[in-house]
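This report refers to the structure that appears directly beneath it.
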Amino acid sequence: MSRTVAHEKRDLDSNNKFFDMTCPKCAIKTIHQLLEAIDTVWIEEDTTGWESYQIIQCQDCQTFSFCKESQLSECHGAESDPDETFYPNFFDFYPERGDVQSSLTLPHKLPAIIEKVYNEVLYAFNARLFVIASIGIKTIIDEVCRDKKILKKASLLLKIEGLADAGHITVDSAKILHRLSVLGNNPPNKFATQDIKELRATIEVIDHLIKSVYVLPELAKDITSAA
Ligand SMILES: [Zn+2]
């Protein structure tokens, strides 16, 4: 089976070099700049493939990452016009990034360890490091309980109950967090779609927990002192 390959460095002056993309470090969508692109076309029998290898850079934190964009002659579908053949572009990123973004503006008074681990949980989840993300979520629960003196030496399950009893999370949220004891024991390659969905839900509960423990009390204080 013969295969021919041709590649060429793209002249970026003729391209739009800036675009929105989730940054693996910021864990939110930021403006990225395309710095270099090598475009490749290969032909093998009746199949033609186009691949572009790109170095990109977040314009907020300056982190570099890598994107492989591709099209394949075998992969096509119809757009709204049935006479037009549509070739979708596929994207692979390194480091990988997902779509979980923080809904929080982290408060100034958040303990440094919680802020650090929270950011790393988002990074790990988006990079599909699910075991690391679930360990990080347990660490956040431990640290919140230590900071707020809630059942410091108890098991994870009792600490979750303690947070619910103190009114920091709802009973339903506690049920979602209880799944952590199962999820964290999954081997890295055994995270099914349902497990990922549950892990994503635990991150949402953690967002609410941080809001309840650290953000809302500050807001309440501001409102009281302004009245
Ligand atoms: Zn960034």
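The values are calculated or read from the model by the stated rules, or taken from the named source; none is laboratory data. Please read these numbers as outputs of a predicted model, since none were measured by experiment. Counting neighbours? That spans all protein chains shown, and the Cβs are built from the backbone with ideal geometry, glycine included.
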What are the pairs with Cβ atoms under 7 angstrom where one residue, in region 16-34, is at negative phi and the other, located anywhere, is near the ligand (Cβ under 9 Å from one of its atoms) and acidic (Asp, Glu)? Sequence gap at least six, or different chains. Cys23/Asp60; Cys26/Asp60; Thr30/Asp60
Which residues, counting only those in region 1-39, are over 18 Å from the mean Cα position of the chain (by Cα), within 30 Å of Tyr123 (Cβ to Cβ) and β-branched (Val, Ile, Thr)? Ile38
With (1) in contact with a helix residue (DSSP H, G or I) (Cβ under 9 Å, 6 or more places away or on another chain); (2) within 19 Å of Ile113 (Cβ to Cβ); (3) in a helix (DSSP H, G or I) as the list, and Glu218 as the residue in question, which single condition is left unmet? (1)
Pull up region 45-77, narrow it to residues that are within 16 Å of the ligand (Cβ to nearest atom), of a type in the set (Val, Ile, Thr) and not in a loop (DSSP other than H, G, I, E, B), then point me to the one that is surrounded by the most Cβ atoms within 10 Å (Cβ to Cβ). Ile56
Subset of region 152-178 (residues that are at pLDDT 90 or above, surrounded by 13 or more Cβ atoms within 10 Å (Cβ to Cβ) and not in a helix (DSSP H, G or I)): Ala166, His168, Ile169, Thr170
Looking only at region 1-44, filter to residues that are within 16 Å of the ligand (Cβ to nearest atom) and not in a strand (DSSP E or B); which one of those is modelled with the lowest pLDDT? Ala27
Any residue in region 55-70 that is farther than 25 Å from Tyr87 by Cα sitting within a Cβ distance under 9 Å of a residue that is of a type in the set (S, T, N, Q) and within 8 Å of the ligand (Cβ to nearest atom)? List the pairs, counting only those 6 or more apart or interchain. Gln57/Thr63; Cys58/Thr30; Gln59/Thr30; Asp60/Thr30; Cys61/Thr30
Would you check if there is a residue in region 179-192 being within 24 Å of Pro24 (Cα to Cα), in contact with a Pro (Cβ under 7 Å, 6 or more places away or on another chain) and part of a helix (DSSP H, G or I)? no
